[in-house]
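Undergrad: First the structure, then my questions, so here it is.
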Amino acid sequence: MPDPAPSNTQRKRSSETRLGLVRRARRIMRTLTEAYPDAHCELNFDNPLQLAVATILSAQCTDKRVNEVTPKLFARYPTAADYAAADRTELEELIRSTGFYRNKTNSLMGMGAALVERHGGEVPATLEELVKLPGIGRKTANVILGNAFDVPGLTVDTHFGRLVGRWGWTEATDPVRIEHAVGELIPRAEWTTLSHRVIFHGRRVCHARKPACGACPLSKDCPSYGIGPTDPGEAAELVRGPESERLLELAGVRTEAGGSEARTAESGESTTR
């Protein structure tokens, strides 16, 4: 049986030079900067320990839920030694609503003990040392480095991996390979802010099941354009978040009264790619 014909996306990727890929990736980066100028870590924290705790709790849990739990948690356990010496039942109850609370309790208590024993109770500022701590993987370590220590890092979560794959930045699926591939395309100084903006875009526009292709400001540079609705009106209904108006404007889309129709702001004609 003959192999299926390559898709439009595959053909576009195979014909792109390395220089072309770098230039396109950086155009996408600039558009994301315009779309999400205030993108940031959505976990609330005041110091590296608090961020480490919040990132552990964020596994399989929304940032909103974590932020509801952490004020009482941070007040009850202000230091690494407090987590190391915590009463397990009390700690489990405080974080129960974040899910997987028994495993997370193990991680928090283990991390607290490791910080006390190896680092004088302070969170280390290197990837090598962070990933040795209980509950801290490479993704979590990069979150801590980038947001608590201003050390550039790429946070490869599910949104990030999905989007850079759709953009054809890499065919890798392993998070470490994705991190290295993207790091070769984007200047190191931009890694942390890029991570936030990609994650914001994944949550607001480029959804897993039904991306808002017809209302996406990246459509001209996205080889996966068309996997979601391309009709501007239908796509506009899928855009989420407080940046919706700016995102639609950047995409050249404006919604008519009642939000039932979308047209290009410049010509008043239906948006086409």
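Undergrad: Being modelled with pLDDT of 95 or more and assigned to a loop (DSSP other than H, G, I, E, B) is the filter here; which residues of the stretch 157-168 pass it?
TA: Quick first cut of the stretch 157-168, residues modelled with pLDDT of 95 or more only: 160-168.
Hits for the stretch 157-168 are Trp167, Gly168.
Undergrad: Does Glu171 fit the bill of being open to solvent by 50 Å² or more (accessible area, probe 1.4 Å), farther than 17 Å from Thr31 by Cα and not in a loop (DSSP other than H, G, I, E, B)?
TA: Details: open to solvent by 50 Å² or more (accessible area, probe 1.4 Å): yes; farther than 17 Å from Thr31 by Cα: yes; not in a loop (DSSP other than H, G, I, E, B): no.
No, not satisfied.
Undergrad: Could you count how many residues in the stretch 174-195 are within 17 Å of Arg162 (Cα to Cα), open to solvent by 50 Å² or more (accessible area, probe 1.4 Å), part of a helix (DSSP H, G or I) and charged (D, E, K, R)?
TA: Looking only at that region, the number is 1.
Undergrad: In addition: Would you check if there is a residue in the stretch 98-107 being in the same structural domain as Arg27 (by the TED database) and either part of a helix (DSSP H, G or I) or among the basic types (Lys, Arg) (or both)?
TA: Within the stretch 98-107, not a single residue is in the same structural domain as Arg27 (by the TED database) and either part of a helix (DSSP H, G or I) or among the basic types (Lys, Arg) (or both).
Undergrad: Let me ask something additional. State whether the residues of the stretch 47-61 include one that is over 19 Å from Asn142 (Cβ atoms) and either surrounded by fewer than 16 Cβ atoms within 10 Å (Cβ to Cβ) or at pLDDT below 95 (or both). Walk me through it before giving the result.
TA: Going through the stretch 47-61, the residues over 19 Å from Asn142 (Cβ atoms) turn out to be none.
Within the stretch 47-61, not a single residue is over 19 Å from Asn142 (Cβ atoms) and either surrounded by fewer than 16 Cβ atoms within 10 Å (Cβ to Cβ) or at pLDDT below 95 (or both).
Undergrad: While we're looking at this one, here's another question. Out of the stretch 228-273, which residues are open to solvent by 70 Å² or more (accessible area, probe 1.4 Å), modelled with pLDDT under 50 and assigned to a helix (DSSP H, G or I)?
TA: Those that are open to solvent by 70 Å² or more (accessible area, probe 1.4 Å), modelled with pLDDT under 50 and assigned to a helix (DSSP H, G or I): Ala257, Gly258.
The values are calculated or read from the model by the stated rules, or taken from the named source; none is laboratory data. Everything quoted here is computed from the prediction, not taken from an experiment. No Cβ is skipped: glycine too gets one built from the backbone with ideal geometry, and neighbour counts run over all protein chains shown. Side chains included, ligands, DNA and RNA excluded: accessible areas come from the protein's heavy atoms. Shrake-Rupley method; radii C 1.70, N 1.55, O 1.52, S 1.80 Å.
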